[in-house]
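Heads up, the thing below is written out as C-alpha cells.
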Amino acid sequence: MTSVTTPPLSGATSAVSPRAVDSFLSSLLLLLLLTIGQKALGFVRSVLVCRWLPAEELGTWSMLHTMVLTVSPLLLLSIPACFGRYFSIYESRGQLRGFIRQATLICFGSLGLGVGLLCLQRATIADWALGDANLGHLISAAALVLLPFGVFSFVMEMILALRHGRLASNLNLVSTLTLTLATLGFLFLCGSTAWAVLYAFALSSMVPLIIGFPAWRRVWAGLPADQAALNWASTWSGMLPVLLLFFVSDLVGNLFFTVDKFMIVNLYQATSQTVLHEVGTYEAMQVLPAVMMAVVIWVARTLLPYTARAWEEGQVAEVQLQTHLALKLVGGCGLTLSLFLVATAGPLCHVLFNGKYDSAIGLMPALAYFYLGCCLSLLWMNYFWCAGIARWSLLGTVAGLVVNAVVNYYLVPQYGIEGAAWGTACGIAAQQLIHMVVAARLGLGWDLGLVALMLGSSLLVIGHGGALAWLAWLALLLGFTGIFSREEQSRLHAVAVGLWNKVTRRHREN
C-alpha cells in the first residue's frame, strides 16, 4: 500500500450542508448526554469503592487497573487507534472488510502473546508496579483480565470508526451496568479486597461482548463486499510508519498518565503497605475530576470519524471550525466544573468518602487542572491525526512527560502524593502550551477565544475557589462574543433551536 496523503491546508474547501452540520452536532450532543448518564453511574460506583475498600486495597486495585489500561493498547500494537482515521480510506477503496479481518488476526495474536509474557515476568513486574515481588499472582490475574478487555476495546473502536455511535454507547452502558452491579456484588460476597473489583472488571468486558455479538454481526453484514483483495505484505509494510507513530504516541501518552503513580511506588520512602495506602488516597482524590475526562474521551472518539471524513472530502475549513468549537465547549464546561470542584472539595469529599480522605483535599486544584488539560489534549490530538501531522503531537506529549517525570523525581521522595499532583499539573501545562502553538503554526490558526480559555484555566491553581477566581471567570463569561466567533454562535443557536423544536414537537404529539 502506498503512503496515505491528505489535502494541503491551503487547498480549496467544499461547501458544508446545514443538514450535515446539524447531524454532526446533534449526534455529538446525543452521545454526550448518554455518556454523561453512564459516567454518572460509574461515578457512584467509584465513590462506593473508595468508601468500602481499605486505602491499601484501593491502592492495589489502582495499580492493577493502571497496568491494564497502560498495557492494553501496546499489546494491540495501537492498531485500533488508527481505525477512526483510516476506515474511511479503505472504505473508499472497497477494501474495508479485508482490512478489518487482517487487523483482527494481528491484534488478537499479539494480545495472546503479550499476556503470556506478562505472566512469565509477574514477579519482576510486581516489584516495579506494586513494590513487592511476592504479589506476582496479582499481576498474573491482571494479565488474564487483559484478554476480554483488549477484545472489547478493539470491538468498540471498530464500531465507533464505522459511525455506529448509538450501538457503541449502548454497549458501553451494558459494560458500566455490569461493572457496577458486579463490583457491589463481589465486594459484598467476597469482602473488601482488590480481587473483588478485578473480577468485576473482567465481567464488564465479557458481558457486553456476548450481548452485543448479534448487533455486531448485523453491522458486519451491512458492510459492502470488498471490490479488491488486500495484500498483506504491501498493506502492513505501508502502514508500518503510521502504526509506529500511533504506538509511540500511545506509549508516551500512557506513561504521561501513569508516571506519577509508579514514581510514588518506587521513590516514596516507606513500606509497601504505606505506599499502596498513599496510592489509594491519590486515586480517591481523582474520582471527582476524572468524570470530566471520561466524558470527553467519548466526545473525542465520536468527533474523529466526522472530522476525518470532512478532511478527506477537502473540507479543511470545516475541520478547523469543528476543532475550535469542540475545544471551546469542552474547555468552557470543564473549567466551570473544575472551579466548582475546587471551591467545594472540602465538603464534597467529606460527604462522599465519609471523611476518609480529608487530609488530601489540598490536591484538588492541581488534579482538576491536570484533568482539564488532558481533556483539551484529546481534542488537539484529533486535529493532528486528521491533518496527517500526528508526528508533531509527540512534541507536546514528550515535553509534558519529561516535565512531569522531572518534577515528580524531585518532589515525590519528600512530599509524596502532593508532589506527584503538582508534577502532573506542570507536565500538562507544558503539553498544552506546545500543542496549541504547534497546531496554530501547522494550519489550525490562532483563536483569541481559545487562548482566553486556556489562560482562564490557570485560575484553578492560584487559589481554592476564592472570590478573585470566580470574579475573573464571570468576566470571561460576560465576554461570550469574544470567545465564540459569529459562525460558531450561529451553529450553536441552530442546534439549540433544532433540539427545542424536536422536544416541543414530541410534547405536542404526546
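Regarding Ser169, is this residue in a helix (DSSP H, G or I), crowded, with 20+ Cβ neighbours inside 10 Å, touching a Ser or Thr at 6+ places or on another chain (Cβ under 7 Å) and at pLDDT below 90?
yes
Restricting Leu223, Leu189, Leu244, Leu230 to those that are surrounded by fewer than 18 Cβ atoms within 10 Å (Cβ to Cβ), within 19 Å of Gln102 (Cβ to Cβ) and more than 24 Å from the chain's Cα centre (by Cα) reduces the list to Leu223.
From Phe247, Phe201, Phe188, Phe154, grab the single residue that is at pLDDT below 90, closer than 30 Å to Asn404 by Cβ and either part of a helix (DSSP H, G or I) or among the hydroxyl-bearing types (Ser, Thr, Tyr) (or both).
Only one candidate qualifies: Phe247.
Among all positions in region 137-159, there is at least one residue which is free of Cβ contacts under 8 Å to residues at least 24 places away in the same chain, surrounded by fewer than 21 Cβ atoms within 10 Å (Cβ to Cβ) and within 22 Å of Leu53 (Cα to Cα).
Considered as a group, the residues in region 90-137 that are more than 25 Å from Pro148 (Cβ to Cβ) and assigned to a helix (DSSP H, G or I) include one that is farthest from the chain's Cα centre (by Cα), and that residue is Asn134.
Scan region 211-230 and give yes if some residue there is under 30 Å from Val407 (Cβ atoms) and either in contact (Cβ under 8 Å) with a residue 40 or more places away in the chain or not in a helix (DSSP H, G or I) (or both), otherwise no. Checked against the condition, which is being under 30 Å from Val407 (Cβ atoms) and either in contact (Cβ under 8 Å) with a residue 40 or more places away in the chain or not in a helix (DSSP H, G or I) (or both), region 211-230 yields no hits at all. Scanning region 66-89 for residues that are within 27 Å of Ala194 (Cβ to Cβ), of a type outside the set (Gly, Ala, Ser) and in a helix (DSSP H, G or I) returns Thr66, Met67, Val68, Leu69, Thr70, Val71, Pro73, Leu74, Leu75.
Conditions (1) in the same structural domain as Gly449 (by TED's automatic domain parsing); (2) closer than 23 Å to Val47 by Cα; (3) not in a helix (DSSP H, G or I), marked per residue:
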residue	(1), (2), (3)
Cys333	yes, yes, no
Phe340	yes, yes, no
Leu348	yes, yes, no
Gly355	yes, yes, yes
Ala360	yes, yes, no
Pro365	yes, yes, no
Leu372	yes, yes, no
Trp380	yes, no, no
Arg391	yes, no, no
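The values are calculated or read from the model by the stated rules, or taken from the named source; none is laboratory data. Note that the coordinates shown come from a computational prediction; the quantities given were computed from them, not determined experimentally. In this analysis, Cβ positions are derived from the backbone assuming ideal geometry, glycine residues included, and neighbour counts consider all displayed protein chains.
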